[in-house]
Amino acid sequence: MINNMRRGIPNLMKDGSTSLSGLEQAVLRNIEACKQLTDVTRTSFGPNGMNKMIINHLGKIFVTTDCATIMQEMEIQHPAAKLVMLASQMQEKEIGDGSNLVVCFAGSLLAKAEELLKMGLHPSEIIEGYTKASRRVLVLMDELVSQTFSAEDLLNEEKLTQCMKWSIGAKQHGNEEFLAPLVAKACLSVMPKNSTNFNVDNVRVCKLLGGHLHASECVKGMVFPQDTVGWVKEVKDACIAVFTCSLGVTDTEAKGTVLIENAEQLMNFNKSEEKEVERMVQDLVDSGINCVVTGSSVDDIAMHFLAKAKIMVLRLRSKFELRRLCRTTKAQALVSLGPVAPRFQGHCSRIYVKEIGLTKVTIFEQADGDDTGVATLLLRSATTNVLQDIERAVNDGVNQVKALCKFAPATFMPGAGACDIELARRLYNEGSKASGLEQYSIKAFAEALEVVPRTLAENAGMTAIDIISAMYAAHEKGNKDAGVDIEKHKVSSTTVMDLIPTKKQAFILAADAVITILRVDQIIQSKPAGGPKIPKKQTNWDAD
């Protein structure tokens with residue numbers, strides 16, 4: 001028994017468990033894993049970011065610069081890198097933008113922490129300095145406000161377009177002048193009276209292959225990429241009935257047998273079914289219904305009588321689309337056929353089928369004066385991957401509107417790396433005056449803030465050191481708007497703005513993730529679950 005005993009932590013656990021501890025084995029390994037993750041997403045940052053091609057476990061291909069999609073499809077397994085990934089995903093859920101900033105800034109902080117650890121600083125000293133620096137940065141941000149938009153300004157289409165143009169331009173550089181007004185129009189058409197209750201789910205996207213991006217349009221209402229059932233293709237001043245059941249004779253709950261002895265009985269049996277369906281359709285006609293939407297099947301007999309009554313029929317397979325349609329038309333879904341009371345009916349100015357490219361779409365269009373809960377953006381492009389990338393840019397714009405409404409009055413500060421350099425300059429000067437070893441970590445935090453202008457410059461093909469030096473020189477002279485001009489390849493006063501709440505949230509999440517990783521001094525991994533693997537079968541069992 002004594003011979004079988006092991007020394008150290010593994011003695012406490014089952015065979016197969018591992019334990020890593022100390023600076024070299026635990027802390028620096030975690031930092032290295034997070035730096036590798038940052039290297040993946042950093043080249044996708046900004047308007048000039050490069051695409052990543054990811055093929056997931058199902059064989060689906062993603063070509064995108066969107067960090068949230070990259071994080072979701074990469075299936076990261078390293079526990080420390082997962083902390084950074086979770087921080088990025090939380091930024092996407094809370095704000096809807098800035099997920100790549102979280103990853104890049106966290107990687108930059110960890111890279112600076114690695115240098116300090118190799119200098120001999122203890123992780124707790126670095127953590128203390130990083131905590132003070134992150135709190136100070138949030139205060140300094142409020143001093144850099146350059147523009148403010150009130151809640152009333154957000155109801156102005158021109159000003160709302162200006163607010164979201166910078167966010168959309170980061171994903172679709174060059175197309176923001178066209179996309180931003182389109183998204184602003186869609187958001188304002190579904191904006192509630194209390195703008196803080198703005199729901200991003202009310203702005204839908206319908207992607208149609210073919211054509212050009214500039215053929216995209218905004219529809220006040222819903223668009224379904226499918227044709228109607230039957231020959232009725234257009235209805236004006238529609239009264240809509242929504243059913244979750246099938247349109248036809250209801251099946252009985254208990255099984256039974258009907259004995260038919262001759263042809264006359266068979267004819268009478270069929271006629272009774274027809275009369276039942278005809279009565280149901282007549283009930284709809286009497287209720288004023290001229291459009292029926294169902295989430296189930298449509299019988300041929302029911303289709304015959306519905307077409308005869310000139311009632312449009314649309315079949316939606318998705319229960320989520322049914323709910324959104326109910327929200328758009330103010331209808332209520334019914335579980336059984338019969339007369340439809342006025343309070344359960346939905347209303348739409350016009351429903352029609354339109355062929356766009358080679359796709360037939362059914363459009364529920366509301367008039368300008370109608371109160372609707374949903375707006376749809378019809379996006380056109382040549383390939384599926386481009387459409388998906390445009391959709392992500394649209395989602396960023398819609399989420400920007402949500403953040404603007406949530407934090408109204410919305411405050412902005414100079415973008416394109418200008419605010420980051422100004423924050424780094426001020427924080428570095430304050431760190432120089434600090435006493436004790438924490439001044440090193442405060443200065444390191446300030447240097448880590450350079451990651452945004454450095455990345456923008458590198459991704460645009462510029463020399464990062466020259467650009468950052470020129471930016472520091474401009475900011476020392478009092479030009480707080482000096483940022484990276486990716487088009488002219490130089491430093492100049494920028495017109496790009498960053499939303500302060502987005503930036504604050506990103507810095508808080510990145511700093512929290514980094515501090516959590518630096519606090520880890522030991523990694524203990526239990527034996528993986530599962531028994532021994534089944535040996536592979538030899539082609540010739542007598543080969544040995």
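Report yes if some residue within segment 167-175 is in contact (Cβ under 8 Å) with a residue 24 or more places away in the chain, part of a helix (DSSP H, G or I), closer than 30 Å to Ala446 by Cβ and in contact with a Gly (Cβ under 7 Å, 6 or more places away or on another chain); otherwise report no. For segment 167-175, residues in contact (Cβ under 8 Å) with a residue 24 or more places away in the chain, part of a helix (DSSP H, G or I), closer than 30 Å to Ala446 by Cβ and in contact with a Gly (Cβ under 7 Å, 6 or more places away or on another chain): present. The residue that is nearest to Ala81 (Cα to Cα), counting only those in segment 28-43 that are among the hydroxyl-bearing types (Ser, Thr, Tyr) and touching a Lys or Arg at 6+ places or on another chain (Cβ under 9 Å), is Thr41. Could you please find all residues in segment 181-208 being more than 16 Å from Gly373 (Cβ to Cβ) and surrounded by fewer than 16 Cβ atoms within 10 Å (Cβ to Cβ)? Answer for segment 181-208, where residues must be more than 16 Å from Gly373 (Cβ to Cβ) and surrounded by fewer than 16 Cβ atoms within 10 Å (Cβ to Cβ): just Thr196. Taking the criterion of being among the aliphatic types (A, V, I, L, M), within 29 Å of Asn479 (Cβ to Cβ) and surrounded by fewer than 13 Cβ atoms within 10 Å (Cβ to Cβ), the only residue of segment 107-144 that qualifies is Val139.
Among the conditions (1) charged (D, E, K, R); (2) over 18 Å from Val102 (Cα atoms); (3) at pLDDT 85 or above, Lys490 misses just one, which is (3).
Here segment 369-397 is the region considered, the condition is being assigned to a loop (DSSP other than H, G, I, E, B) and surrounded by 21 or more Cβ atoms within 10 Å (Cβ to Cβ), and the residue that is modelled with the lowest pLDDT is Thr372.
Specify the residue that is surrounded by the fewest Cβ atoms within 10 Å (Cβ to Cβ); the eligible residues are those in segment 328-353 that are among the small types (Gly, Ala, Ser) and in a strand (DSSP E or B). Here the answer is Ser349. Scanning segment 209-229 for residues that are surrounded by 18 or more Cβ atoms within 10 Å (Cβ to Cβ), part of a loop (DSSP other than H, G, I, E, B) and not polar (S, T, N, Q) returns a single hit, Lys220. For Leu499, the test of being in contact (Cβ under 8 Å) with a residue 40 or more places away in the chain and touching a Pro at 6+ places or on another chain (Cβ under 9 Å) is failed. Is one or more of the residues making up segment 158-165 polar (S, T, N, Q), in a helix (DSSP H, G or I) and either farther than 22 Å from Thr494 by Cβ or assigned by TED's automatic domain parsing to the domain that holds Gly96 (or both)? The answer is no; no qualifying residue exists. Out of segment 481-496, which residues are more than 15 Å from Leu423 (Cα to Cα) and either crowded, with 24+ Cβ neighbours inside 10 Å or not β-branched (Val, Ile, Thr) (or both)? Hits for segment 481-496 are Val484, Asp485, Glu487, Lys488, His489, Lys490, Val491, Ser492, Ser493.
Looking across segment 47-67, the residues that are of a type in the set (A, V, I, L, M, F, W, C) and assigned to a loop (DSSP other than H, G, I, E, B) come down to Met50, Leu58.
When Leu83 is tested against (1) within 25 Å of Ser167 (Cα to Cα); (2) surrounded by fewer than 22 Cβ atoms within 10 Å (Cβ to Cβ); (3) modelled with pLDDT of 85 or more, just one condition goes unmet, and that condition is (1).
Of the residues in segment 354-368, at least one is without any contact (Cβ under 8 Å) to a residue 60 or more places away in the chain, among the charged types (D, E, K, R), farther than 30 Å from Ala133 by Cα and part of a strand (DSSP E or B). Just one residue in the set Val205, Val183, Val139 is touching a helix residue (DSSP H, G or I) at 6+ places or on another chain (Cβ under 7 Å) and part of a helix (DSSP H, G or I); that residue is Val183.
When you check Val451 against the structure, is it under 30 Å from Leu209 (Cα atoms) and crowded, with 18+ Cβ neighbours inside 10 Å, yes or no? In short, no.
The values are calculated or read from the model by the stated rules, or taken from the named source; none is laboratory data. The shown structure was predicted, so the numbers you read here are calculated from the model rather than taken from an experiment. Neighbour counts are summed over all protein chains in view; Cβ atoms, including those assigned to glycine, are modelled from backbone coordinates with ideal geometry.
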